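Comments concern the structure below.
The values are calculated or read from the model by the stated rules, or taken from the named source; none is laboratory data. All values derive from a computational prediction rather than experimental measurement. FYI the Cβ positions are ideal-geometry reconstructions off the backbone, even for glycines, and counts take in every protein chain you see.
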Amino acid sequence: MSFGTRVLIILTGLFVFFIIFELVRRKKFREDLSILWFAVGFLIICGAFADTLINALARFLGVGYPPIMIIIFLILILIVSLMYFSMLISELKSRIKELTQKIAFIEYELDKEK
């Protein structure tokens, strides 16, 4: 990988760090989710130096085309992130249902007092 490509990848990772930091600072992004995105930024920066590791891993696993290892890795990351966000959505749906039931109960009690 050329020096210019490595610099571009590192700058991209730093840009992700900066964007996430600004979103958290402006309260547009939750802190718990920002940790995941900071990890993504870190992995992007590490990606600038990962070509030798990927080639060695591909040789070890017998993969003939080393860039396919990156695609496999990205698919695994997407699957894990989809599972995490699905759990988050499920939890939020449960909380919305609970709050809706509480509001309905409070409205019932208020109507009963009239």
So residue 14, is it part of a helix (DSSP H, G or I) and more than 23 Å from residue 70 (Cα to Cα): no
Cross-chain or 6+ apart pairs with Cβ under 9 Å, the stretch 47-74 first and of a type in the set (S, T, N, Q), then surrounded by 15 or more Cβ atoms within 10 Å (Cβ to Cβ) and not in a helix (DSSP H, G or I): 55/66
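Name every residue in the stretch 55-89 that is polar (S, T, N, Q) and surrounded by 12 or more Cβ atoms within 10 Å (Cβ to Cβ), in order of residue number.
55, 81
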Selection within the stretch 21-54 - surrounded by 12 or more Cβ atoms within 10 Å (Cβ to Cβ) and outside any helix (DSSP H, G or I): 29, 48, 49, 50
Restricting the stretch 74-114 to residues that are charged (D, E, K, R) and under 23 Å from the mean Cα position of the chain (by Cα), the residue that is modelled with the lowest pLDDT: 91
Number of positions in the stretch 62-75 that are more than 15 Å from residue 50 (Cβ to Cβ) and either assigned to a helix (DSSP H, G or I) or small (Gly, Ala, Ser) (or both): 3
Close pairs (7 angstrom Cβ cut-off, 6 or more residues apart or separate chains): touching a residue at least 24 places away in the same chain (Cβ under 8 Å) and hydrophobic (A, V, I, L, M, F, W, C) in the stretch 9-24, buried (at least 17 other Cβ atoms within 10 Å of the Cβ) and not in a helix (DSSP H, G or I) anywhere: 9/48; 10/48
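Run down 99, 57, 88, 78 and say which single residue is over 25 Å from residue 30 (Cβ atoms) and not assigned by TED's automatic domain parsing to the domain that holds residue 32. Walk me through it before giving the result.
Numbers: 99 fails: over 25 Å from residue 30 (Cβ atoms); 88 fails: over 25 Å from residue 30 (Cβ atoms); 78 fails: over 25 Å from residue 30 (Cβ atoms).
Only one candidate passes the filter, namely 57.
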